[in-house]
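Since the structure comes first, as structure tokens, the remarks are kept for the end.
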Amino acid sequence: MALAILFWLLVWQVASLVIGQELFLPSPLAVLRALFSMVQEQVFWLSVGNSLLRIGLGFLLGLAAGVLLASFSVAFSLVDTLLRPLMLLVRSTPVASFIILALVWVNSRYLSTFISFLMVLPVIYSGTYAGLRAADKSLLEMAAVFHVGFWRRMRAIYLPALRPFLLSSCELALGMSWKSGVAAEVIGLPVGTIGERLYQAKIYLMMPELFAWTLVIILLSGLFGKLIIQGLKMAAKNLSGEGAPE
Amino acid sequence: MRDIVLNEVTKAYGEQTVLREFTARFKAGEVSALLGPSGAGKTTIARLVLGLERPDAGTISGADVRCSCVFQEDRLCPGLTAEANVQLVLPHAQWPRVAEALRELGFTKEDAQKQAQYLSGGQKRRVALVRAVEAQGELLVLDEAFKGLDEENREKAVEYVKRGRGGRTLLLITHDPREAETFGAKSMYVPPGEKVWGGGEETRGEVDNNSERSSS
């Protein structure tokens, strides 16, 4: 993996040397230099903090709502019938349409939260729905015969079934939340966010900065994702009671 | 505690009638055994008695009590330990008894703490037995509960069930007539797909209609 990254960095370096125009393709070294000078400014950390908070909040809200709504859908067929077309609609609508609509509906400060929430919700919903439906029917029958209570059933039967589905849908939703969240910031331009910096880098043709911000988004998305996945894995392990049902 | 009475119960899965007008009485507090070849409908009878299926015709009475069961399959939660699988069906106050029960059936402390997915077939069977015997209830159903156990463990398990049953009604489903004899069970042969009238002459006309689970 490390060797592959090194190879592509070399390709990038060679390509930028061949082109010879930083405005068109800055070299990796120029991007690193830009990043180094950016991190020394307070506004960098402010933008990172703002975007992280807003996009992260949107993800977490989408996660919570997706799990909750899918649980209700599995439990009550009427909720399932009502939510199915709604989730399909949210999933199929282009993110740009939502961004424009959201600019009308909500304050641009919360735009990335709203967009991130909308992108995450249907993905988590369908993952949770499939996971809960995948619960072992024979174990559920056993639980019914033995009168196993709701929470014990959740922890011993539903949660282990849900875990792989929820983790894979989270991984998918994490990437989507960052991509759509930053896109929303670029269009809505809330003050002091990564999206605003990215937009400014574009209009002032500061290509090394543009590349550096892109690198920052990739790193943030990766780190945030790792944190969430590890947190979920730990929570699932503790909750599923591997060792004790209570 | 009341007798469990099945009165002319018929059950079909799709086109296939598994049970046709089956009538039987399982006496309260006693051991009844259902014998017969595979596919005769013995497990269907157990599922009807446990309330997991509804009859297409006929009535079942006296079965609306708390039950415990060893299914044909082990039905253990793979991620839970042997001990936790039993604890899952018990109130907290009964948990200390679980380790002792598992030890009686040959489990070491380490084995009791192994996740069910890492237990051998015989160990899984014994965990399912402990779970059924330790659980509270008035009716205990054992569906081929001793299959896959070696002679020594089988004897231990039979003794454990005899001791642990208390005054519960026990419905034993087995291929093996010797197993029914060991428990001193009143046996009934279930031939495949035919009308069966078991449990003695007194069965007819004594169905308790106050708490019946019927096809309607």
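Based on what the data block shows, is A:GLU141 within 30 Å of B:GLN87 (Cα to Cα) and in a helix (DSSP H, G or I)? In short, yes.
Right, B:GLY79: without any contact (Cβ under 8 Å) to a residue 40 or more places away in the chain, small (Gly, Ala, Ser) and touching a helix residue (DSSP H, G or I) at 6+ places or on another chain (Cβ under 8 Å) or not? Yes. When you check B:PHE22 against the structure, is it over 27 Å from B:GLU159 (Cβ atoms), crowded, with 20+ Cβ neighbours inside 10 Å and in contact (Cβ under 8 Å) with a residue 12 or more places away in the chain, yes or no? Yes, satisfied.
I need a count of the residues in the stretch B:115-160 that are closer than 18 Å to B:PRO96 by Cα and surrounded by fewer than 17 Cβ atoms within 10 Å (Cβ to Cβ). Number of matching residues: 1. Entry remark, the stretch B:161-191: residues being touching a residue at least 40 places away in the same chain (Cβ under 8 Å), surrounded by fewer than 20 Cβ atoms within 10 Å (Cβ to Cβ) and farther than 16 Å from B:ALA145 by Cα number 6 in total. Number of residues in the stretch B:91-149 that are among the acidic types (Asp, Glu) and in a helix (DSSP H, G or I): the value is 5.
Does the stretch A:169-185 include one or more residues that are of a type in the set (D, E, K, R), away from every other protein chain (no Cβ under 14 Å) and out of contact with any Ser or Thr (no Cβ under 7 Å at 6 or more places or on another chain)? Within the stretch A:169-185, one or more residues are of a type in the set (D, E, K, R), away from every other protein chain (no Cβ under 14 Å) and out of contact with any Ser or Thr (no Cβ under 7 Å at 6 or more places or on another chain).
Could you say whether any residue in the stretch A:220-227 is more than 30 Å from A:TRP151 (Cα to Cα), aliphatic (A, V, I, L, M) and either in a helix (DSSP H, G or I) or at pLDDT 90 or above (or both)? Yes, the stretch A:220-227 contains at least one residue that is more than 30 Å from A:TRP151 (Cα to Cα), aliphatic (A, V, I, L, M) and either in a helix (DSSP H, G or I) or at pLDDT 90 or above (or both).
The single residue among A:LEU174, A:LEU215 that is within 24 Å of the chain's Cα centre (by Cα) and surrounded by fewer than 20 Cβ atoms within 10 Å (Cβ to Cβ) turns out to be A:LEU215.
With respect to A:ALA161, determine if the residue is surrounded by 15 or more Cβ atoms within 10 Å (Cβ to Cβ) and modelled with pLDDT under 95. Criteria met by A:ALA161.
Confirm whether B:GLY41 is buried (at least 23 other Cβ atoms within 10 Å of the Cβ) and either among the basic types (Lys, Arg) or more than 14 Å from chain A (Cβ to nearest Cβ) (or both). So B:GLY41 passes the test. Screening A:GLY231 with (1) without any contact (Cβ under 8 Å) to a residue 24 or more places away in the chain; (2) farther than 18 Å from A:ALA173 by Cα; (3) not aromatic (Phe, Trp, Tyr) gives one miss only, at (2).
The values are calculated or read from the model by the stated rules, or taken from the named source; none is laboratory data. Being a predicted model, the structure only gives us computed values, none of them experimental. So basically every Cβ, Gly included, is an ideal-geometry build from the backbone, and we count neighbours across all protein chains shown.
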